[in-house]
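K.L.:
Please find one structure pasted underneath; my questions will follow.
Please treat every number below as a calculation from the coordinates, not as lab data. Note that the coordinates shown come from a computational prediction; the quantities given were computed from them, not determined experimentally. Ideal geometry is used to build each Cβ from the backbone, glycine not excepted, and the neighbour counts take in all protein chains shown.
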């Protein structure tokens, strides 16, 4: 099956559009629920921050024609989506609140949801250079606990591992491959990462929080 997505702000086949082996990239995974991307703005803001941390410069999409793309928006449908209960009017080029990079990435995500008719699935943004700036947005397989599992709980293991920079989401393939192998061997749904001091830092795909009596 041919995989399609948004590449360089165009909806097209992206089967072979991935970073070359060993080439660094940053990414964000966004949950789409009932056709709406959850916390889209926050994800895009973190992606832009990751770009600054990893590549040492601001993410600038103006040279890729994104400014013209946003002004023209030939489909006329990118702003018809909602983020939760809020109309996405803020990504229109007339909004001075957002920069071109943030508007562009948000429009790409919304266009993908529209074109692929995504209702309940994860989408992924990848940003990399080979050698020029490349941006891809596509749907990825996703699974969430059923109501029964939420009630009864899931099997969790701990793995001694830490990300180099927890503030930037970079190429996770090798890092996650070893953890997933351990999870499968032990029949675990999730793994909590533990640092060299024995402190639990994060989950591989989940946020962790603890309840002590009524103190959160």
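K.L.:
What relative contact order, as a whole-number percentage, does the range 147-203 give when Cα pairs under 8 Å and 6 or more residues apart are counted?
P.N.:
Across the range 147-203, relative contact order equals 45 percent.
K.L.:
Got a sec? How would 113, 149 order by Cβ neighbour count within 10 Å, fewest to most?
P.N.:
Ordered by Cβ neighbours within 10 Å, fewest first: 149, 113.
K.L.:
Another one. Using all alpha carbons of the range 129-216, what is the percent of pairwise distances in each 10 Å bin, ordered from the shortest bin to the longest?
P.N.:
Calculated over all Cα pairs of the range 129-216, the distribution is 12, 38, 33, 14, 3, 0 percent.
K.L.:
Shifting gears a bit: Quick check on the exposure proxy: order 206, 146 from fewest to most C-beta atoms within 10 angstrom.
P.N.:
Going from least to most buried by this count: 146, 206.
K.L.:
Would you list 150, 170 from fewest to most Cβ contacts within 10 Å?
P.N.:
150, 170
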